[in-house]
Amino acid sequence: MTEKKPYAKIGTVICEHDSPNVMNFSFVVEGDVEDLVVRRGEFVIVDTKDGTVIARVQNLVRVNRYYQHAEAVREYQSRGEPLRSIFPTDRWQYTVAKVQVLGLWFEDRPLRPYFAVSPGAQVRRVKEDILAAFLKLDREEGLRLGKLAHHELEFSPSIDRLLSKHLAILAMSGAGKSYFVSVLLEEMLKRRKEQGRLAIIVVDVHGEYTYLKNLTPSSLEIQDGLIDVEHIRASHIQIPVKSLEAEALGALVADMSAVQVRDLRRVIAEMRKTKQDGYTLNDIIDYVRNDETISKNTREALVGWLINLEDTGLFGREALPDITSTVKSGKLTLIDLSDFISLKKKQIVVSHLVNELLYLRRRGTIPPFLLVLEEAHQFCPESRHELALPKSRIETIAREGRKFFALLCLISQRPVKLSTTVLSQCSNQAILRATNPYDLEHIGRSSEGIDREALDTITTLEVGEALFVGETVSVPTFVKIRKRHFEPTGTIQDLSQAMKKTDK
Ligand SMILES: Nc1ncnc2c1ncn2[C@@H]1O[C@H](COP(=O)(O)OP(=O)(O)O)[C@@H](O)[C@H]1O
Ligand SMILES: [Mg+2]
């Protein structure tokens with residue numbers, strides 16, 4: 001077997017009718033064909049006096065001249081004698097690797113390729129330090145998320161590259177999105193203060209991150225430091241009524257008319273004057289009921305709507321929790337929505353949360369943060385027909401947040417249903433296995449760095465494999481996400497386990 005050592009020679013560049021050219025070349029792979037010396041997707045290099053040409057294997061073609069002529073093969077076949085038994089066919093078999101040039105590395109800098117490699121040039125395995133530098137990985141301070149597919153090199157993008165312009169994690173369900181998020185969270189929580197830390201807020205729709213509250217420094221293999229995780233159940237959240245304008249209340253109700261909003265605005269102005277230490281929805285309801293200046297119809301409609309809102313149990317006099325004191329650098333805040341069945345209630349909570357985070361961050365009251373949103377298509381859908389209270393606010397963060405470090409990490413198993421405004425603002429995408437053609441098409445359209453080849457590969461990815469595109473790395477890169485350090489205990493992984501556990 002040919003050695004896997006970096007810089008080992010693995011082939012020789014050949015002449016074909018239009019290659020080697022600046023962007024492509026082919027090479028005959030060294031050694032025994034059965035050895036699978038190179039694989040599709042692997043990075044290779046050719047050293048020249050003008051720099052190191054970095055390329056990636058796009059395809060592998062096996063050639064054997066004994067099998068070139070269909071008639072001859074058919075003839076031997078009909079005689080019942082395999083060609084192998086007459087001719088030394090095996091010795092004539094070899095592999096041609098077709099590669100795409102990605103860049104040129106010259107004097108520790110990447111350059112755009114501007115020449116073709118020479119036929120006869122030696123193709124070698126890439127040296128890890130060159131590949132890491134070329135991909136712009138940060139081997140000291142980066143987030144250790146896994147390994148490059150086909151290489152031993154650790155995939156360690158810097159926080160700046162991965163998160164500073166929003167990240168979208170897209171894939172079909174079961175592909176490993178949430179698992180990847182837990183690996184990302186582990187890496188973020190491991191960071192020391194000196195390295196710079198973000199405040200992290202996770203909107204945990206299914207309660208699948210709750211186990212992280214049991215994290216300890218030793219479970220993350222760090223000696224010093226503290227791990228700060230707070231778990232907040234959505235049923236404990238209270239939205240302060242005094243912070244809601246008439247328009248905001250109106251938005252929570254499907255079809256409040258302009259006249260009704262105007263009446264409500266006057267009522268709220270009155271409440272603010274008379275009840276300076278806050279008031280509840282019931283206070284507003286009482287006031288509206290007794291206000292003769294509002295027409296009877298409007299009064300009844302307003303009271304009905306406000307009662308419905310009161311019934312959600314989400315509103316009160318004070319804000320709970322107090323976001324300003326909850327959101328801190330280096331801390332993970334889990335907003336656990338798993339108690340709620342109603343999508344509307346989830347949306348009201350997310351809408352309030354996003355609004356507060358945006359407002360407080362703009363004023364500099366809270367530190368730079370990362371908001372992780374599972375099931376993002378439920379909160380910022382593309383379709384205008386779907387109920388989507390938080391949509392415009394999420395779109396605002398997507399558009400403007402990067403300027404003041406209000407960052408998003410959006411996760412969705414239905415990219416096609418996710419707002420294109422939001423998706424196109426995510427400069428980074430981690431794409432795991434996806435097979436739905438509509439989703440694939442949408443992913444292809446919304447990310448610039450992705451070509452047909454890469455898109456096809458997405459359907460063949462395994463669970464836990466991801467394609468990173470965007471600003472994280474200089475070229476689209478396939479990565480095997482690492483195992484998490486800390487596993488949830490007691491969760492049921494599959495159906496057979498669940499059946500055994502309950503069938504007593
Ligand atoms: N990187 C990985 N390494 C090992 N197992 C993984 C990895 N990613 C996913 N898995 C397995 O696949 C399962 C489904 O992953 P999950 O993240 O819940 O999928 P999704 O969120 O995309 O629906 C996990 O419970 C885990 O067993
Ligand atoms: Mg998931």
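Give me the percent of Cα-Cα pairs in the range 347-504 that sit more than 26 Å apart, rounded to a whole number. If you can, show how the numbers build up before the last one.
Details: 4917 of 12403 pairs.
For the range 347-504, the fraction of Cα-Cα distances above 26 Å is 40 percent.
List 257, 178, 412 from most exposed to least, where exposure is judged by having the fewest other Cβ atoms within 10 Å. Write out the running numbers ahead of the final one.
Working: 257 11, 178 18, 412 26.
Exposure proxy ranking, most exposed first: 257, 178, 412.
With the convex hull built on the Cα atoms of the range 128-244, state its orientation-averaged projected area in nm². Present the calculation step by step, with values, prior to reporting the outcome.
Numbers: hull surface 42.0 nm².
For the range 128-244, averaging the hull's shadow over all directions gives 10.5 nm².
Roughly how many nanometres apart are two label points built 7 Å out from the Cα toward the Cβ at residue 129 and residue 311?
6.9 nm
Over the alpha-carbon set of the chain, work out the extent along each principal axis and list the three values in angstrom, largest first.
The principal-axis extents, from largest down, are 103, 56, 56 Å.
Can I get the semi-axes of the range 416-504's equivalent ellipsoid? Compute them from the C-alpha gyration tensor as square roots of 5 times the eigenvalues, in angstrom, largest first. Provide the component values of the computation, followed by the final result.
Numbers: eigenvalues 199, 52, 35 Å².
The three semi-axes for the range 416-504 are 32, 16, 13 Å.
Would you mind getting me the FRET efficiency between residue 213 and residue 485? Use the beta-carbon distance for r and R0 = 22 Å, nearest 0.05.
Working: r = 15 Å, r/R0 = 0.70.
The pair residue 213/residue 485 has a calculated efficiency of 0.90.
By DSSP, what percent of the beta bridges with both residues in the chain are antiparallel, rounded to the nearest 5?
60 percent
Quickly work out the residue 503-to-residue 300 label distance, labels modelled 7 Å from Cα along the C-beta direction, and quote it in nm with one decimal.
5.7 nm
Rounded to a whole number of µm²/s, how large is the Stokes-Einstein D of the range 342-398 at 4 °C and 1.567 mPa s, given Rh as the Kirkwood radius over C-alpha pairs?
Using the Kirkwood radius from Cα pairs, D works out to 110 µm²/s.
Which Rg and Dmax, in Å, describe the Cα atoms of the range 31-148?
20.0, 66
How much of the calculated P(r) for the range 170-224 lies past 20 Å, in percent of all Cα pairs?
Values: 448 of 1485 pairs.
Of the Cα pairs, 30 percent sit more than 20 Å apart.
Run the simple label-point estimate for residue 106 and residue 403 please: 7 Å along Cα→C-beta, distance reported in nm.
The answer from the label model is 3.9 nm.
Just the projected area, averaged over all directions, of the convex hull on the alpha carbon atoms of the range 98-170: how many nm²? Don't skip to the answer; put the middle values down first.
Details: hull surface 27.4 nm².
Result: 6.9 nm².
Would you mind checking the pairs 213/328; 98/177; 391/417; 98/147; 190/483 and listing those with alpha carbons more than 20 angstrom apart?
Values: 213/328 16 Å; 98/177 32 Å; 391/417 13 Å; 98/147 24 Å; 190/483 15 Å.
Violating the 20 Å Cα-Cα cut-off are 98/177; 98/147.
Rounded to the nearest angstrom and ordered from largest down, what semi-axes does the equivalent ellipsoid of the range 294-350 get from its C-alpha gyration tensor (root of 5λ)? Intermediate results must be reported in sequence, preceding the final value.
Working: eigenvalues 202, 43, 12 Å².
Working from the Cα gyration tensor, I get semi-axes of 32, 15, 8 Å.
Order by neighbour count: 180, 155, fewest other Cβ atoms within 10 Å first, most last. Write out the running numbers ahead of the final one.
Values: 180 23, 155 26.
Fewest to most other Cβ atoms nearby, the residues stand as 180, 155.
Distance from a point 7 Å along Cα→Cβ of residue 232 to each backbone N in the range 318-341: keep the residues under 16 Å and list them by number.
318-340
Using 0.36 nm times the number of residues separating residue 320 and residue 276, minus their current alpha carbon distance, what extension gain do you get?
On the way: separation 44, 0.36 × 44 = 15.84 nm, distance 1.84 nm.
Result: 14.0 nm gained on full extension.
Specify the angular offset, from 0 to 90 degrees and rounded to the nearest 10, of the alpha carbon long axis of helix 343-362 from the longest principal axis of the alpha carbons in the chain.
Relative to the chain, helix 343-362 is tipped by roughly 90 degrees.
In µm²/s, what is D for the range 95-135 at 10 °C and 1.306 mPa s, where D = kT/(6 pi eta Rh) by Stokes-Einstein and Rh is the Kirkwood radius from Cα pairs? Intermediate values should be presented prior to the final figure.
Values: Rh = 11.9 Å.
For the chosen part, D equals 134 µm²/s.
Under 10 °C and 1.306 mPa s, how fast does the range 239-317 diffuse according to Stokes-Einstein, given a Kirkwood radius computed over C-alpha pairs? Answer in µm²/s, whole number.
On the way: Rh = 12.4 Å.
For the chosen part, D equals 128 µm²/s.
Among 449-456, 382-389, what's the highest-first ranking by average C-beta atoms within 10 angstrom per residue?
Working: 449-456: 15.1, 382-389: 13.4.
For the peptides 449-456, 382-389, the packing ranking is 449-456, 382-389.
Efficiency by 1/(1 + (r/R0)^6): what FRET value for residue 58 and residue 385, r their Cβ-Cβ distance, R0 = 41 Å, to the nearest 0.05?
Details: r = 42 Å, r/R0 = 1.02.
Once rounded, the FRET efficiency stands at 0.45.
Placing unit charges on C-beta atoms (Lys and Arg positive, Asp and Glu negative, everything else neutral), compute the dipole magnitude of the range 239-317 about its Cα centre in debye, rounded to 20. Display every interim value, and only then the final one.
Values: 11 positive and 13 negative charges, 50 e Å.
Charge dipole of the range 239-317: 240 debye, to the nearest 20.
Taking the Cα centre of the chain as origin, work out the dipole magnitude from +1 charges on Lys and Arg Cβ and -1 charges on Asp and Glu Cβ, in debye rounded to 20.
Values: 70 positive and 69 negative charges, 81 e Å.
Dipole magnitude for the chain comes out near 380 debye.
Place +1 on the Cβ of every Lys and Arg and -1 on the Cβ of every Asp and Glu in the chain, take the dipole about the Cα centre, and give the residue among 347, 489, 106 whose Cα lies farthest towards its positive end.
Checked the options; the winner is 106.
Apply the Karplus curve 6.51 cos²θ - 1.76 cosθ + 1.60, θ = phi - 60°, to the phi angles in the range 397-410 and return the couplings in whole Hz, x for Gly and Pro.
After applying 6.51 cos²θ - 1.76 cosθ + 1.60, I find 4, 4, 6, 10, x, 4, 5, 10, 6, 9, 10, 10, 10, 9 Hz.
Each reported figure results from applying straightforward, stated rules to the coordinates on display, with no laboratory input. Predicted model, so just to flag it, every value in this text is computed and none were measured. Every residue, glycine as well, gets a Cβ built from its backbone with ideal geometry; the counts of neighbours run over all protein chains shown.
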